[in-house]
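Peer 1: To start, I am sharing the structure in question, which I have written as structure tokens.
The values are calculated or read from the model by the stated rules, or taken from the named source; none is laboratory data. In this text, all values refer to a predicted model and were calculated from it rather than measured experimentally. With ideal geometry, Cβ positions are generated from the backbone for all residues, glycine too; neighbour counts draw on all protein chains shown. The accessibility values were calculated without ligands, DNA or RNA, using every heavy atom of the protein model including side chains. Shrake-Rupley method; radii C 1.70, N 1.55, O 1.52, S 1.80 Å.
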Amino acid sequence: MTGILLVGDDAIRKSLFEAAGVVDRVQRVDSLEEAFALRSDRVRAGWAGIVVDSEHYAEAIRAAELRDGLASAVGFADTLAFAGSLPGAYAFCARVGGVVAAFRESMGRDYALTDGAVIGSGPEAWAGLAALTQVRVSKLTVHAEPFDAVTPAVAHRLGIDILTADADSFATAPVIYSARELAVILKQPDRGLVIDESVALHTVAAQVRLLTSKEPDMKAMRAVIAGT
């Protein structure tokens, strides 16, 4: 039996995990502490991992014994996995993969090969930075919140060069990730705004693959999004 502990009150994500077809149970809990307590009791063998909402990103990466390179670079984690008898959690950041997949689906190709921009600050902006590098934007510009010194540091850890500019500079950027709106924006005649549900869909799909090593039922998951 494969179970996932979901920290936070996100009904859409819970429905997406349940629709994936490879998770036997999804239990929502209020805190990461509660999730770890549940996993440590007699049913621990049934819990494949823990996923958290944005309010618990920083706490999740601090609670992990180990973390992958991407989670370390962006500075937060949304997925905690467990390996065999090892007592500690391994932190991952599936959100980046969710943004990348949403971009690629919207663009109709794997790589942008054009200029890109990120609007905003905080974990969602950092995920956007990593995602746009993976879709190979040519030049990356950031419009961060005032006095934000962390976003440039994240870019440095990712090994990328960014330009900082005010909002007016984004008028000509063909590819944008807005951390404020949680949206992917493509300035193409047949494209447009990709709202957060698409990023959420692909993030949950990435978490299912990570925690179960199985392919989720994307058709059923898309039906959940369509019904919201």
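Peer 1: Look at residue 111 and say whether it is in contact with a Pro (Cβ under 6 Å, 6 or more places away or on another chain) and of a type in the set (Phe, Trp, Tyr).
Peer 2: No.
Peer 1: Search the range 209-223 for residues that are closer than 20 Å to residue 78 by Cα and pair each with any residue that is assigned to a loop (DSSP other than H, G, I, E, B) and among the hydroxyl-bearing types (Ser, Thr, Tyr) when their beta-carbon atoms are under 9 Å apart and the residues are at least 6 apart or on different chains.
Peer 2: Every condition considered, the pairs that remain are 211/2; 212/2; 214/2.
Peer 1: Taking the condition assigned to a helix (DSSP H, G or I), aliphatic (A, V, I, L, M), touching a His at 6+ places or on another chain (Cβ under 6 Å) and open to solvent by 20 Å² or more (accessible area, probe 1.4 Å), does residue 101 pass?
Peer 2: In short, yes.
Peer 1: Let me ask you something else. Say whether the condition of being polar (S, T, N, Q) and out of contact with any Asp or Glu (no Cβ under 9 Å at 6 or more places or on another chain) is met by at least one residue in the range 47-61.
Peer 2: No: the range 47-61 contains no residue that is polar (S, T, N, Q) and out of contact with any Asp or Glu (no Cβ under 9 Å at 6 or more places or on another chain).
Peer 1: Let me ask another. Considering only the range 108-188, give the strands (runs of 3 or more DSSP E) lying wholly within it that have at least 2 residues that are without any contact (Cβ under 8 Å) to a residue 40 or more places away in the chain and either open to solvent by less than 50 Å² (accessible area, probe 1.4 Å) or closer than 20 Å to residue 94 by Cα (or both).
Peer 2: Strands (runs of 3 or more DSSP E) meeting the threshold: 140-143, 183-186.
Peer 1: Another question, if that's okay. Does residue 125 fit the bill of being aliphatic (A, V, I, L, M) and within 15 Å of the chain's Cα centre (by Cα)?
Peer 2: Judged against the criteria, residue 125 is a match.
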